[in-house]
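Novice: One structure, pasted below without further comment.
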Amino acid sequence: MTPIPHCPPAGGAAVTGAGAPPLGGARSGPFPPPSPPAASRIHLPRLPPPPSLSSSSSPASSSSPSPAASALHPSDEALSAMSPREQTSLLSRQRCWRRARDLFGRMRALPGYAPNPVHDAVLLRHLARARRWDELRRAWLGMALPPSNTAYAAVADALAKVGLARGALLLLRHMRARGVAPDEVSMNTFVRVLKDQGRYADALALFRNWCDGRFEVDFLDLDDIAIDSDGPMQFLLADICDDKFAAASAGVPAIDEGPRKPKLVATYNTLIDLYGKAGKLKDALDMFLDMPTHGVMPDTYTFNTLISVFGLSGNMAQAEALFANMVVRGINPDTKTYNVMMTVFASIGDLDGVLKYYRQIGKAGLDVDAVSNRIVLQALCKRKMVREAEDMIEGILNSGGSVHEQSLPVVMKMYVDLGLLEEANIFFEGHCRGKWVSSKNFAAIMDAFAVRGLWEEAEHIFFSRRGGGDVNDIVEYNVMVKAYGQAKQYDRVSSLLESIEESAVSPDECTYNSLIQMFSVGGFPQRAKKLLGKMKDAGFQPKCETYSAVIKSYSRHCLVPEAIGLFNEMKSSGVEPNIVVYGLLIDMFAETGNIKKALHYSNLLEESGISPNQVVLTSLIKAYSKYNCWKEAQDLYSRMRNMVGGPDIIASNAMLNLYAKLGMVTEAKEIFDSLRRNSHADDVSYTTMVYLYKGMGLLSESTKIACELHKSGLLSDCVSYNAVMACHVAKGNLRDCAELVQEMIVANIPPDASTFGMIFSLMQNGHVSAAEVLQLESAYNDSKSSAKQAIIAFLFSIAGMHTAALEICEQLLRPEWTIDACAYNVCFKVYASCGKVEKAFSLFMRMNDLGLKPDTVACIHLATCYGKPRVSKGLRTNALLEYRTDELMPSHNALAVYIEAGKHNVAVQLVKK
């Protein structure tokens, strides 16, 4: 039996709307039983070849129409011989609106043709789906019968499917004005439109009113929907605005037909899906259980919808129980049922569950379809199972199919996320380039590169040739803006904007918002402000978040007048600032120390009815801290303690810093102890307390906190490391300081000026000659290229960390490095201390060859090598060293070298000479 054309197949829309994938696609042949999966790989069944065209069946094949009915161009005699139902079926099967219109005209011209509201509805649906508004107007006005439920439902369903749901809902006003009460089919259509728009409460209200026998539309606020003078529905609704018609319809009484219950399974399917989307699972189940009471038996679509409702809400056990219940009731699952089960398991990342039901399709004697393949492929890609995904793609291609368009971005994202850019390019060339791919999916492919800053790859996709023309949609331009912004390629945005202006594409609201965000974050507030003006000129009203981005950029660059000017412009445009905007201004004045202005905007915030949050109060505490107003800051901090969640760590650290500046140890300790008890203390908290105790002369307490900080794992920057080192320096713990510096190097945290200052302080108190310290300080102050490495190597050496010192020396002596005399001296010291005497002599010779004259410090290091057990040919080496010393140094300097090195016998020989 052929269904009424304007009524969708029972439950079909409900399943799709319930979150399951589109349940359709090309079918394949019989599904062979799969081989059991191996332990190391997932073996997917190979898809059979596509069925031949002769095996396909038309939607109306079950009604067994006559030969005349199946012809696309029957003669007038054949049309006359058809029943109205056969004529409806033929009219529904037309794929071109012109053929449908012409066929309808021939049918109406037949002798004895009786006007049929179903025929009118089918034609209206064809025209609405094709967006032929002039033809739709003529057909509507030319109907022999007044508009009926069938016509309203057909047009509403078609409009909703082409993205004009608001226009579809306006038909309810027309029905109410005409006094046409909705029947169950039209009521179901409008409930489904509201459901798909996310207006669940309105959809339920419309259904309950219908059940009560009432037809009211005032609660839908349809008057707020503007009617364009040239819009597609203007001709249908013009009479509603006509004064005579409005006056006549004003007295139409409320339509009351008495209580009733739905009798169509399609209605129950829609409502079950509606309850599920609204989160009313119990009502959905009650609706299902109530069906037999009213003589309506669930069908496959009912179970598909209910399984989707419970499965996608996390009730996996209930979904599987419903699947089993189908078999008990004698309702055979179809491929769509298995697809729904696969979708449910895919939603929780259960690949085994997906594959389990995928394999059962063939065992049940059903065919996998494009949706089945898409679900499995996407599940494999999300798990980054490259080899299995590629096997799946190969199977799809071998069966004569192609990778589903919606799967293309998923596969590309898998490759990009794994860094397999070559594989991604090969896949794109084979499955995307030159083929028709929607702009939405092209943009999704580009986005996989954009989020990782791979702007060149995203740009390659953007300019790629595609089927259906090479015109880029605005959504693709928006992704390119994102890609350039992520990679900080701001200059390239200018040419992109020129490309938009030259094309037939107009920037949308997202384009302007993305550009403004990009330039604001990138530090170009003036360019962002200019774009804000262009956005308004284009007819878009910037939202508060857009203004906030530019104000934040102004405040970050301390452009106070510009930020205030934009704030005033925002208010004059009718956009009310939110707490973020006020917080930015308050923080800006807090950073500049302008307490008066910070308090002014804090008062404006409260006058607007917004309560200050922790961020705002923290900014005010910072403002008071600039002037050491501890009492006012303390009052704000106490206020924060009464808020939900209490003070955050930033506010607590701000108070700690204020107390530390004022030397208020007791108050600071109270906050710090509270942070430690709640495990909220961070490296800033510990660092502040370390310096506070140290500054107050409480070295024991300072060292204790520093040890806690070191063990806490919170050391994350140079400041916190320096705080711990300061305690070690105060106690003269050379080895501990050296180990701390080594930790910094391993953590890739370069020591700063404070770190080196403490290292020099340690050296001066650690029995290191003043000449050596002076030489190292001089190299550091002169910013010698190798000074920092040499100082650290020297520190490691005197601390006994010879291996670490040797590693640095090996790096310094690489051919690509050019080091000065200071670095050579350090290497002499390190090699001599480690017993690497031969390397020390070798360095001495290299230095001499380079024309670098060894100073007193260098000779001291070399002199310590005398008597070392590893010196080969000692007498000759000794004589060489004496010769070099006599040649390169005055006798009195050489004498000082040998005495300081402890080589008194050599010094005596030098005196005699």
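The values are calculated or read from the model by the stated rules, or taken from the named source; none is laboratory data. Keep in mind that this is a model prediction, so the values were computed, not measured. Cβ sites come from the backbone with ideal geometry, for glycine too, and all protein chains shown count toward neighbours. All accessible areas refer to the heavy atoms of the entire protein, side chains included, with ligands and DNA or RNA removed. Shrake-Rupley method; radii C 1.70, N 1.55, O 1.52, S 1.80 Å.
Novice: Starting from the Cα-Cα distance between ASP820 and LEU604, subtract it from 0.36 nm times their residue separation and give me the gain in nm to one decimal.
Specialist: Between ASP820 and LEU604, full extension yields 71.5 nm more.
Novice: Of the heavy-atom accessible surface of the stretch 490-607 (probe 1.4 angstrom), what whole percent is carbon and sulfur?
Specialist: Answer for the stretch 490-607: carbon and sulfur cover 52 percent of the accessible area.
Novice: Would you please name the trypsin sites (Lys or Arg not before Pro) within the stretch 311-356 that are DSSP coil residues with at most 12 other C-beta atoms within 10 Å of their C-beta?
Specialist: For trypsin sites (Lys or Arg not before Pro) across the stretch 311-356 that sit outside H, G, I, E and B with at most 12 neighbouring Cβ atoms in 10 Å, the list reads ARG329.
Novice: Using Cα pairs closer than 8 Å and at least 6 residues apart in sequence, work out the relative contact order for the stretch 411-551, in percent.
Specialist: Relative contact order of the stretch 411-551: 18 percent.
Novice: Taking every pair of distinct Cα atoms and averaging 1/r, then inverting, what Kirkwood hydrodynamic radius in Å comes out for the stretch 651-715?
Specialist: Evaluated over the stretch 651-715, this radius sits at 11.4 Å.
Novice: Please state, to two decimals, what the Cα-based radius of gyration of the stretch 116-221 comes to when divided by 2.2 N^0.38 Å (N = residues).
Specialist: The value comes to 1.02.
Novice: As a test question: what accessible area, to the nearest 10 Å², does ASP537 have when a 1.4 Å probe is rolled over all protein chains in place?
Specialist: Ignoring ligands and nucleic acids, ASP537 comes out at about 130 Å².
Novice: Cross-link partners among lysines for LYS195, C-alpha distance below 22 Å, same-chain residues fewer than 8 apart left out?
Specialist: LYS161, LYS261, LYS263, LYS277, LYS280, LYS282, LYS336
Novice: Using only alpha carbon pairs under 8 Å that are at least six residues apart, calculate the relative contact order of the stretch 550-709 and give it in whole percent.
Specialist: Over the stretch 550-709, the number comes to 13 percent.
Novice: With the contact rule set at Cα under 8 Å and sequence spacing of 6 or more, what percent relative contact order holds for the stretch 93-194?
Specialist: Normalised by residue count, the contact order of the stretch 93-194 is 24 percent.
Novice: With N residues in the stretch 406-546, what two-decimal value do you get for its Cα radius of gyration over 2.2 N^0.38 Å?
Specialist: Here the Cα radius of gyration is 1.07 times the empirical estimate.
Novice: I would also like to ask the following. Set the Förster distance to 41 Å, then compute FRET efficiency between ASP212 and LEU145 from the Cβ-Cβ distance, nearest 0.05.
Specialist: 0.90
Novice: To make sure I understand the rule: partners must be lysines, Cα under 24 Å from the Cα of LYS571, and not fewer than 8 residues away in the same chain. Which ones qualify?
Specialist: Answer for LYS571, where 24 Å is the Cα cut-off: LYS529, LYS530, LYS534, LYS536, LYS543, LYS552, LYS596, LYS597, listed by chain and number.
Novice: Turning to a different aspect of this structure: I want the local charge near VAL616. Using Cβ-Cβ distances under 15 Å, sum +1 for each Lys or Arg and -1 for each Asp or Glu among the other residues.
Specialist: -3
Novice: Related question: Say the dipole of the stretch 311-442 comes from +1 at the beta carbon of Lys and Arg and -1 at that of Asp and Glu; which of LEU322, SER402, GLY353 then lies farthest toward its positive end?
Specialist: The Cα lying farthest towards the positive end belongs to LEU322.
Novice: Please give the peptides 295-305, 432-442 ranked by average Cβ packing (other Cβ atoms within 10 Å per residue), highest first, as a rough proxy for protection.
Specialist: So the order, starting with the most tightly packed, is 295-305, 432-442.
Novice: Got a number for the accessible area of GLU607? Probe 1.4 Å, square angstrom, nearest 10.
Specialist: Result for GLU607: roughly 140 Å² accessible.
Novice: Among the lysines, select those whose C-alpha is under 24 Å from the C-alpha of LYS413, and discard any that sit fewer than 8 residues away in the same chain.
Specialist: Within reach: LYS382, LYS384, LYS435, LYS440, LYS482, LYS488.
Novice: Moving to a separate point now. Starting from the 7 Å offset along Cα-to-Cβ, what nm value, one decimal, do you get for the label separation of LYS356 and ASN848?
Specialist: 8.3 nm
Novice: All other residues with a Cβ under 14 Å from the Cβ of ASP283 taken together, and with Lys, Arg as +1 and Asp, Glu as -1, what is their net charge?
Specialist: Computed value for this residue: +2.
Novice: State to the nearest 20 debye the size of the charge dipole of the stretch 675-726 about its Cα centre, where the only charges are +1 on K and R beta carbons and -1 on D and E beta carbons.
Specialist: 180 debye
Novice: Lys and Arg at +1, Asp and Glu at -1: add these up for the other residues within a Cβ distance under 14 Å of ASP635 and post the number.
Specialist: +1
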